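In what follows, a structure is listed as structure tokens, so that the remarks can point back to it.
Every number in this text was worked out from the coordinates using simple rules, so none of it is lab data. This structure is a prediction, so every number in the text was calculated from the model and none was measured. For neighbour counting, all protein chains shown are included, and Cβ atoms are generated from backbone atoms with ideal geometry for every residue, glycine included.
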């Protein structure tokens, strides 16, 4: 534990477990015992994380028995860890392990790849109901990536700075939006450069540059609006046209001539 003033604080790496245990209804005294710190440290951590008092997880037991993990998360707005820990606490069976087997997991992965031209990430089952969550894949294959390999596909790679997704061109992209855009609009269609560096003194990179069109492209994932605003301002100063495409609108993109 690290010290803040005269109080011990919960380490950042333990915050996820802390939130889960608060959701499960542990009291301040129980949390202090669990994390081997004072009750003031627990109150301090709750304030820092914006947690008001104690609150308990509430589930309909029928839902716990009948709904999948993804459906429970969506319906009750709890984290994956909270749902799994609650099921474990009540000794309920894990539904996904009864539903999924090696064959239909492989079929689901291959179906996703045939539609999207990339392998799925672990949390995409929340958006695609034909995909399994991580738990049954790990149960049958040992890990998510081993399941991907069993489906005859190449898993995403982690370069130490996060998981990258391989596009059809073999490039490891930083996000699925970049991968989707490259696969749909650039690969075998345009001459393009990935992550071209900005001129000095700016320590920034363009997502894509199309030399023949003299076009600079930024894919907006929606998580860094200030960074996007900054890049637009810089390119205006440089008299360069920066085409910003929102990630969720890539499917609606209607070509470079129309933008």
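Contact order normalised by length for region 101-259, with contacts defined as Cα pairs under 8 Å and 6 or more residues apart; what percent is it? Before the final figure, lay out the partial values.
Details: 197 pairs, mean separation 20.8, N = 159.
The normalised contact order for region 101-259 reaches 13 percent.
Separation between the residue 114 and residue 234 pseudo-spin-labels, each 7 Å from Cα along Cα→Cβ, expressed in nm?
So the two model labels end up 4.3 nm from each other.
Using the basic label-point model (7 angstrom from Cα toward the beta carbon), what is the residue 214 to residue 102 distance in nanometres?
In this crude spin-label approximation the distance works out to 5.8 nm.
At 0.36 nm per residue, and after removing the present C-alpha to C-alpha distance, how many nm does the segment from residue 27 to residue 14 gain when stretched out fully?
Extra length from residue 27 to residue 14 when fully extended: 3.0 nm.
Per 0.36 nm of contour for each residue apart, how much would the distance between residue 241 and residue 34 grow if the chain were fully extended, relative to their Cα-Cα spacing?
Details: separation 207, 0.36 × 207 = 74.52 nm, distance 5.53 nm.
That works out to 69.0 nm of additional length.
Mind checking the log10 I(q)/I(0) for region 168-233 at q = 0.13, 0.20, 0.21 Å⁻¹? Debye, one equal scatterer per Cα, no solvent, two decimals.
-0.37, -0.86, -0.94
Length gain on complete extension for the stretch residue 193 to residue 254, per 0.36 nm per residue less the alpha carbon to alpha carbon distance?
Numbers: separation 61, 0.36 × 61 = 21.96 nm, distance 2.08 nm.
My answer for the length gained is 19.9 nm.
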